Amino acid sequence: MPRIDWRTALKGLAAFIVAVAIWAGVSPLYDRAVAAGAEVLMRTFERPAVTTLIATGSDVKVDRSDFDPRSPRPGLPVIDLTFNWVLLAALFAINPRPFSDRNIFRFLLASLLLYITHIAALATEVMSIYVLRLGPWSRVHYGELARNFWGTLNHSYRFVLMFAIVFGLWWALRPSDLPSPRARGEGGAKRRVRGRSSRKA
Amino acid sequence: MKRDQKLFLIKFFAALIVMYLIVAWNPVNDHVIVPATKGIAVAAGTILKAIGQDVTVSGTTIGSSRFAVNINNGCNGIEAMLILLAAIGSFPATWRARLIGLAIGAVIVQFINEIRIVSLYLIGAYKPSLFQVFHTAVWQVVVILAAIIFFLQWSARVAPNRLANGS
């Protein structure tokens with residue numbers, strides 16, 4: 001069984017607790033930034049540009065200028081889409097020398113890239129509301145292909161992609177002095193020992 | 001990023017997408033995922049009864065007069081197991097090492113997941129104001145983080161062996 005490195009696990013745990021506190025405190029403000037980005041993204045691609053996303057503090061209300069003014073506006077909690085930042089913080093904390101300039105710079109870069117994925121995730125969530133959850137309006141405006149595409153994309157993000165993206169960002173941006181799959185294999189103690197003994201022989 | 005790291009990431013995401021599509025396919029969901037989730041609910045219900053909670057399990061729902069939790073995809077540990085499977089499957093190692101890693105990793109993920117379900121029921125029953133944050137942010141991240149830390153430990157262990165075995 002693989003040996004559990006308790007120091008690494010504890011570093012991750014400490015960062016995780018701090019990150020949850022930061023994330024919970026900053027979320028209302030961050031939701032506004034994500035909603036603003038997603039609104040720009042949606043308006044860039046929709047004709048006519050009618051979508052407005054309003055962050056209310058606890059969720060984001062979806063409005064369209066062509067909706068019946070009397071109908072209720074759907075809302076969605078953005079925190080369900082953004083809490084993977086906590087995982088990102090915990091992963092960068094388990095890197096060697098977590099407070100080095102390089103690690104912190106790369107964590108900030110990863111956070112920026114994650115912000116872009118949050119914008120895309122919110123836009124996808126809004127599209128899945130449009131295609132699936134607005135009853136007759138959805139059926140009139142969108143076909144089967146659009147329903148399957150946006151529904152699957154939204155579900156896959158919530159189910160696994162939101163975690164896989166974080167893992168991918170961390171894997172790609174972690175400082176290069178960490179062992180890579182090949183470096184682990186070629187630079188291990190066993191190789192050095194074998195190399196020395198072969199030279200002696 | 002080195003070439004082998006890029007290759008690992010490409011394989012990881014490709015494997016994850018394929019596995020997601022398989023798991024999301026209705027026949028697989030209905031005949032594999034839902035029965036497995038029912039088993040997870042039964043195990044959590046048994047633990048809750050053992051610690052004095054008067055709960056009943058119906059399908060994937062654990063309930064009592066105080067509170068009820070329905071275990072769906074995202075709360076059954078399948079997402080963490082898919083990530084673990086994609087990562088271990090994409091990492092250069094022998095098939096034996098991969099199978100051992102997957103078996104041990106699955107046990108660890110499901111063990112932590114049972115703790116998650118039991119604790120979420122208790123939080124919902126006795127401290128409902130904390131349920132949302134624990135359900136959304138705390139436990140989902142803990143389960144995925146456990147899977148990733150296990151993968152890192154496993155990969156650090158198997159890579160030298162792979163070279164030593166010449167595979």
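Output yes when any residue across region A:87-96 is under 30 Å from B:Ile149 (Cβ atoms), modelled with pLDDT under 90 and buried (at least 17 other Cβ atoms within 10 Å of the Cβ), and no when none is.
Yes, region A:87-96 contains a residue that is under 30 Å from B:Ile149 (Cβ atoms), modelled with pLDDT under 90 and buried (at least 17 other Cβ atoms within 10 Å of the Cβ).
Starting from region B:118-139, keep only residues that are closer than 22 Å to A:Val86 by Cβ, then list their pairs with residues that are assigned to a helix (DSSP H, G or I) and charged (D, E, K, R) whose Cβ atoms are within a distance under 8 Å, requiring at least 6 positions of separation or different chains.
Here the result reads B:Thr136/A:Asp80; B:Trp139/B:Arg116, each pair linking region B:118-139 to a residue that is assigned to a helix (DSSP H, G or I) and charged (D, E, K, R).
Kindly indicate whether A:Arg64 is out of contact with any Ser or Thr (no Cβ under 6 Å at 6 or more places or on another chain) and of a type in the set (Lys, Arg).
no
Could you tell me whether region B:129-141 includes any residue that is touching a strand residue (DSSP E or B) at 6+ places or on another chain (Cβ under 8 Å) and either at pLDDT below 95 or of a type outside the set (Phe, Trp, Tyr) (or both)?
No, region B:129-141 contains no residue that is touching a strand residue (DSSP E or B) at 6+ places or on another chain (Cβ under 8 Å) and either at pLDDT below 95 or of a type outside the set (Phe, Trp, Tyr) (or both).
Among the residues of region B:49-68, which ones are more than 23 Å from B:Gln132 (Cβ to Cβ) and of a type in the set (Ser, Thr, Tyr)?
Answer for region B:49-68, where residues must be more than 23 Å from B:Gln132 (Cβ to Cβ) and of a type in the set (Ser, Thr, Tyr): B:Thr56, B:Ser58.
Determine whether B:Tyr126 is more than 10 Å from chain A (Cβ to nearest Cβ), surrounded by 22 or more Cβ atoms within 10 Å (Cβ to Cβ) and farther than 25 Å from A:Leu161 by Cβ.
It is false that B:Tyr126 is more than 10 Å from chain A (Cβ to nearest Cβ), surrounded by 22 or more Cβ atoms within 10 Å (Cβ to Cβ) and farther than 25 Å from A:Leu161 by Cβ.
Does any residue of region B:44-63 turn out to be within 14 Å of chain A (Cβ to nearest Cβ), under 16 Å from the mean Cα position of the chain (by Cα) and surrounded by 14 or more Cβ atoms within 10 Å (Cβ to Cβ)?
No, region B:44-63 contains no residue that is within 14 Å of chain A (Cβ to nearest Cβ), under 16 Å from the mean Cα position of the chain (by Cα) and surrounded by 14 or more Cβ atoms within 10 Å (Cβ to Cβ).
Of the numbered conditions (1) at pLDDT below 90; (2) farther than 23 Å from B:Ile83 by Cβ, A:Pro181 fails exactly one; give the number of that condition.
(2)
Name the one entry in A:Ala36, A:Ala49 that is under 30 Å from A:Trp137 (Cβ atoms), more than 12 Å from chain B (Cβ to nearest Cβ) and part of a helix (DSSP H, G or I).
A:Ala36
Being surrounded by 21 or more Cβ atoms within 10 Å (Cβ to Cβ) and within 13 Å of another protein chain (Cβ to nearest Cβ) is true for just one of B:Ala147, B:Ala103. Which residue is that?
Of the residues listed, the single one that is surrounded by 21 or more Cβ atoms within 10 Å (Cβ to Cβ) and within 13 Å of another protein chain (Cβ to nearest Cβ) is B:Ala147.
Among the numbered criteria (1) under 30 Å from B:Arg157 (Cα atoms); (2) assigned to a helix (DSSP H, G or I); (3) in contact (Cβ under 8 Å) with a residue 24 or more places away in the chain, which one does A:Ile104 miss?
(3)
Scan region A:77-132 for residues that are among the charged types (D, E, K, R) and over 24 Å from B:Trp139 (Cα atoms) and report the count.
Within region A:77-132, residues that are among the charged types (D, E, K, R) and over 24 Å from B:Trp139 (Cα atoms) number 4.
The values are calculated or read from the model by the stated rules, or taken from the named source; none is laboratory data. What you see is a predicted model; the values in this text were computed from it and never measured. For neighbour counting, all protein chains shown are included, and Cβ atoms are generated from backbone atoms with ideal geometry for every residue, glycine included.
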